[in-house]
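Since the structure comes first, as structure tokens, the remarks are kept for the end.
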Amino acid sequence: LEAHFSVIEKEGGSQNGLIAVLHDVTEQERIEEERREFVANVSHELRTPLTSMKSYLEALADGAVQDAELAPRFIDVTQKETERMIRLVNDLLQLSKMDSKDYNMNFSFIDLTKFVPQIMERFEMLTKNESIHFQHKLPNKEMYIYGDRDKLTQLMDNILSNAVKYSPQGGTITCSIKEEKERVIVSIKDEGVGIPKENIPHIFDRFYRVDKARSRNLGGTGLGLAIAKEIVLAHGGSVWVSSDWGKGTVISFALPYDEAVKE
Ligand code: ADP
């Protein structure tokens, strides 16, 4: 805590008061520290793909470009790294927009029991070759919530793409919707690697990954769940995870679902 004192004096010079202004510097310091860490993370995340691209390009320039076997492989790596950097910058832009509240939510009524299967169908198409099974457990009725369709699509995309990334071949991903008193809960369950208990509290943090190398190899930016969390918060909801290391993960989010919307 930081204190500033000023003495209040009357015209004649006699003191008749004291003003004390207290600042919580620990909070300021924490924010400053977080900001520093964030900048360090961003720089590191950008430097890693750039360094790797540089060495592949150098190898190509040094002659690999003539090698019919090596050239396409090296070009493929630099292409993948470029794509990941673009994803990273897009994710960063989106987070910074959401932080500065510099965005408009485009609210409309969305029937979750239609919306969720549509997104799953798209993922089923995208992962046709990975033999991952998709199933859903949905209430047999319309369930309207009030939300931003694009943002909720991205929320589902981020969670489902993790479920796919961390699933084994032949795994099943199950999406369920459950109605509670004043909220609706959407859960996405996978049979993948799971998350160790001690890592669970951090997985919505920016750039946090349980296994950095694995996430990078799978093309991850470490920002998917941080964005998911911001989207859920912007809808007045909450998001959480439960997971068994080695068995699978369930990511759930709750959105407000009140009487007025139900009707
Ligand atoms: P990434 O781009 O690395 O996937 P995310 O923010 O989406 O970043 O996720 C953060 C971390 O949480 C991941 O690196 C991974 O370790 C863990 N994680 C997220 N979803 C799952 C899942 N379905 N199964 C196992 N681990 C997961």
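Things worth noting here:
- Taking region 205-219 as the range and being without any contact (Cβ under 8 Å) to a residue 60 or more places away in the chain and either more than 17 Å from residue 168 (Cβ to Cβ) or more than 8 Å from the ligand (Cβ to nearest atom) (or both) as the test, the residues that pass are 205, 208, 209, 212, 213, 217.
- Test for residue 100: is it of a type outside the set (Val, Ile, Thr), under 26 Å from residue 212 (Cα atoms) and without any contact (Cβ under 8 Å) to a residue 60 or more places away in the chain: no
- Taking region 220-263 as the range and being touching a residue at least 60 places away in the same chain (Cβ under 8 Å) and closer than 30 Å to residue 76 by Cα as the test, the residues that pass are 221, 222, 223, 224, 225, 226, 227, 228.
- You will find that of 159, 231, the residue that is closer than 21 Å to residue 120 by Cα, within 8 Å of the ligand (Cβ to nearest atom), under 13 Å from the mean Cα position of the chain (by Cα) and assigned to a helix (DSSP H, G or I) is 159 and no other.
- Residues that are at pLDDT below 95 and surrounded by 14 or more Cβ atoms within 10 Å (Cβ to Cβ) within region 219-233 comprise 220, 221, 222, listed in sequence order.
- Condition check for residue 192: assigned to a loop (DSSP other than H, G, I, E, B), surrounded by 21 or more Cβ atoms within 10 Å (Cβ to Cβ) and near the ligand (Cβ under 10 Å from one of its atoms): yes
- Yes/no for residue 177 being modelled with pLDDT of 95 or more, more than 16 Å from the ligand (Cβ to nearest atom) and of a type outside the set (Asp, Glu): yes
- Pairs with Cβ under 6 Å, 6+ apart, first in region 81-93 and within 13 Å of residue 52 (Cβ to Cβ), second aliphatic (A, V, I, L, M): 81/53
- Qualifying residue in region 202-209 (condition: surrounded by fewer than 17 Cβ atoms within 10 Å (Cβ to Cβ) and either not in a strand (DSSP E or B) or not acidic (Asp, Glu) (or both)): yes
- Whether a residue is surrounded by 11 or more Cβ atoms within 10 Å (Cβ to Cβ) and either part of a loop (DSSP other than H, G, I, E, B) or among the hydrophobic types (A, V, I, L, M, F, W, C) (or both) was assessed, and residue 152 passes this test.
- Any hit, region 123-137, residues being within 16 Å of the ligand (Cβ to nearest atom), surrounded by 15 or more Cβ atoms within 10 Å (Cβ to Cβ) and not β-branched (Val, Ile, Thr): yes
- Sole residue being among the small types (Gly, Ala, Ser), surrounded by 12 or more Cβ atoms within 10 Å (Cβ to Cβ) and part of a helix (DSSP H, G or I), chosen from 59, 40: 59
- Unique residue being at pLDDT 95 or above and under 17 Å from residue 219 (Cβ atoms) when the list is 76, 62: 76
- The C-beta contact set for region 28-54 (first residue closer than 12 Å to residue 206 by Cβ, second residue small (Gly, Ala, Ser) and surrounded by 11 or more Cβ atoms within 10 Å (Cβ to Cβ), distance under 9 angstrom, 6+ apart or interchain) comprises 41/222; 45/222.
- Residue 172, sole failed condition from (1) modelled with pLDDT of 95 or more; (2) surrounded by fewer than 18 Cβ atoms within 10 Å (Cβ to Cβ); (3) under 23 Å from residue 99 (Cβ atoms): (3)
- Pair list, Cβ under 9 Å, 6 or more apart: region 131-160 residue over 22 Å from residue 227 (Cβ atoms), other residue of a type in the set (Phe, Trp, Tyr) and part of a loop (DSSP other than H, G, I, E, B): 143/257; 144/257
The values are calculated or read from the model by the stated rules, or taken from the named source; none is laboratory data. Predicted model only: the values in this text are computed from it and were never measured. We place every Cβ from the backbone using ideal geometry, glycine too, and count neighbours over all the protein chains shown.
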